[in-house]
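Nothing in this text is a laboratory measurement; each read-out follows from the coordinates by a stated rule. Since the structure is predicted, the reported quantities are computational estimates derived from the model, not experimental observations. Reconstructed Cβ throughout: ideal geometry from the backbone, glycine too, with neighbour counts over all protein chains shown.
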Amino acid sequence: MKIGIYPGSFDPVTKGHLDIIERSAKMMDMLIVAVLNNNVKSPLFSVEERVNMLNEVTKGLENVKVDSFSGLTVDYARKNKATVIVRGLRAVTDFEYELQMSQTNRIMYSDVDTIFLTTSLEYAYLSSSIVKEVALYGGDVSKFVPACVVREIHKKVNA
Ligand code: ADP
């Protein structure tokens with residue numbers, strides 16, 4: 001069974017993430033979308049809220065599971081018998097960091113390979129940070145995130 005993980009912050013999940021999830025899930029038997037509980041960044045949504053939104057937007061995808069983890073991605077991959085790490089590439093600016101991470105991960109765990117999916121053109125500009133910025137200043141984010149996420153963002157911004 002080919003198991004892949006798609007790790008990330010997903011704060012919150014965007015249509016760009018969802019596109020990568022749908023495309024990569026077709027390539028494997030099971031895809032685990034794994035929310036990284038990263039203490040360094042200060043998130044808008046808690047890990048639990050991010051997991052809930054991901055569960056909601058992926059509920060139609062049978063071989064996709066949502067989870068969260070702390071620590072090293074390779075340790076999480078090993079524990080879940082995943083041999084593939086999925087990442088999305090938007091622009092050259094993503095490349096250097098992603099290359100370094102994938103090489104480091106392979107040195108730490110040689111059974112795992114990272115595959116990169118290039119973004120669909122309509123989402124090439126899109127990031128969770130941009131979505132949060134637009135929402136904080138009252139902009140319409142419905143083109144960027146699924147409808148249930150729009151509602152959750154509004155709740156946060158109005159709170
Ligand atoms: P991280 O903090 O790990 O970068 P993100 O939630 O920002 O977490 O992104 C998770 C993954 O999704 C990364 O590989 C990132 O490059 C990818 N990604 C984010 N936005 C898009 C998008 N619009 N199109 C394609 N890939 C994306």
Ascending count of other beta-carbon atoms within 10 Å, so fewest first, for Val134, Val13, Val112: Val134, Val112, Val13
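Counting only C-alpha contacts under 8 Å and six or more residues apart, can you give the relative contact order of the chain as a whole percent?
Working: 228 pairs, mean separation 45.8, N = 159.
Across the chain, relative contact order equals 29 percent.
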Prolate/oblate/rounded label for the stretch 11-58 (Cα gyration tensor, a/c 1.5): prolate
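Please report the net charge: other residues with Cβ closer than 13 Å to the Cβ of Met1, K and R +1, D and E -1.
Values: positive: Lys2, Lys65, Lys81; negative: Asp29.
Here the count lands on +2.
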Sequence of Asp11, Asp75 once ranked by neighbouring C-beta atoms within 10 Å, starting from the fewest: Asp75, Asp11
Net charge dipole size for the stretch 3-124 [Lys, Arg +1 and Asp, Glu -1 on Cβ; Debye, nearest 20]: 160
Sparse-neighbour loop sites [trypsin sites (Lys or Arg not before Pro); the stretch 52-123; at most 12 other C-beta within 10 Å; DSSP]: Lys59, Lys81
CD proxy at 222 nm, helix term only [per DSSP H run n ≥ 4: -39500 (n - 2.57); per residue of the chain; nearest 500]: -13000 deg cm²/dmol
Segment Glu96-Ser142, length gained on full extension (0.36 nm per residue, minus Cα span): 13.5 nm
Spread of Cα-to-Cα distances over 10 Å intervals beginning at zero, given as percent, for the stretch 1-90: 17, 54, 27, 1
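Going by how many other Cβ atoms sit within 10 Å of their own, how do Ser128, Ser70, Ser102 line up, fewest first? Provide the component values of the computation, followed by the final result.
Details: Ser128 22, Ser70 11, Ser102 17.
Placing the least packed residue first, the sequence is Ser70, Ser102, Ser128.
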Max mean-square fluctuation residue, GNM over the chain, Cα-Cα springs under 10 Å, options Thr104, Thr58, Thr114: Thr104
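DSSP loop (so not H, G, I, E, B), at most 14 other Cβ within 10 Å: list which GluC sites (Glu not before Pro) in the stretch 39-148 pass both filters. All intermediate terms of the calculation are to be shown ahead of the outcome.
Details: sites: Glu48, Glu49, Glu56, Glu62, Glu96, Glu98, Glu122, Glu133; in loops: Glu62.
Those that pass, being in a loop and sparsely packed, are Glu62.
What are the semi-axes of the equivalent ellipsoid of the stretch 75-159, taken as the square roots of 5 times the eigenvalues of the Cα gyration tensor, listed largest first and rounded to whole Å? Kindly include the intermediate steps, with their values, before the conclusion.
On the way: eigenvalues 206, 51, 25 Å².
In descending order the semi-axes read 32, 16, 11 Å.
Length gain on complete extension for the stretch Lys156 to Asp75, per 0.36 nm per residue less the alpha carbon to alpha carbon distance? The partial results should precede the final answer.
Working: separation 81, 0.36 × 81 = 29.16 nm, distance 3.26 nm.
Difference between extended and current length: 25.9 nm.
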Over 31 Å between alpha carbons, listed pairs Lys41/Lys79; Lys59/Lys132; Lys2/Lys155; Lys15/Lys41; Lys65/Lys132: Lys2/Lys155
Share of pairwise Cα separations in the chain, more than 18 Å, in percent: 58
